[in-house]
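A short worksheet on the structure shown next.
Nothing in this text is a laboratory measurement; each read-out follows from the coordinates by a stated rule. All figures in this text were calculated on a predicted structure; none of them were measured in a lab. Methodologically, a virtual Cβ is constructed for each residue, glycine included, from the backbone with ideal geometry; neighbour enumeration extends over all protein chains shown.
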Amino acid sequence: MSTAARRAGPLLVIACVLLTGSERVPDVRPAATDVAAPAGTFSWPLAPPHPVLRRFERPATPYGPGHRGVDLGGSRATEVLAAGAGVVIFAGPLAGRGVVSVEHAGGLRTTYEPVTATVRRGQRVRRGEVIGRLAVGHPECAAAACLHWGVRRGEEYLDPLRLVAAGGRVRLLPWHERGG
């Protein structure tokens, strides 16, 4: 058994995630620092259907090209929901678009744009609570309206789909030590 496996000990499990319904998230592979949230901690910021129009593309360098979030299809004035419980740290216009940012436990921060905010800075929100209405104007969106949803920990951008990827049934399979 490797040293890393011994250190992981009983915490090492293999999880098979079965997503329910039509909400399939293909090829969501986390980076070494990208950790899925515990089931039920986060949910989708738009009610279904919310097709993923553009996926997360991790930039190779802090200022390099990439897509630092996902674009979800929606309709103008659709309710935008807090993906998780937290405190609103920004709600207002930024670079000509409405933005809402929520700080969550564990150092995560989710951002939603373009949004007409219905919350204010300093307000506590619950998972699933309305934080605004979807506006038009996301420059990278070919659809009439789409939500750019981002998440980061500190200065590192993470894939927001990892927050909801475990939203289906999770079945833990036993891990068996070999040769030890």
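A few notes on this one:
- Between amide H atoms placed 1.01 Å from N, distances below 5 Å from residue 78 occur with 134, all of them 5 or more places distant or on a separate chain.
- Converting phi to 3J(HN,Hα) with the Karplus coefficients 6.51, -1.76 and 1.60 and the offset θ = phi - 60°, region 152-165 yields 8, 10, x, 9, 8, 7, 10, 7, x, 5, 5, 5, 10, 4 Hz in sequence order, with x at every glycine or proline.
- Of the GluC sites (Glu not before Pro) found in region 51-150, the ones in coil according to DSSP and having at most 12 other Cβ atoms within 10 Å of their Cβ are 140.
- The order of 44, 149, going from fewest to most other C-beta atoms within 10 Å of their C-beta, is 44, 149.
- Residues 112, 63 in ascending order of nearby Cβ atoms (within 10 Å, fewest first): 63, 112.
- Sorted by Cβ density within 10 Å, fewest first, the residues 101, 43, 75: 75, 43, 101
- If the chain linking residue 57 and residue 153 were pulled fully straight, counting 0.36 nm for each residue of separation and taking away their Cα-Cα distance, it would gain 33.0 nm.
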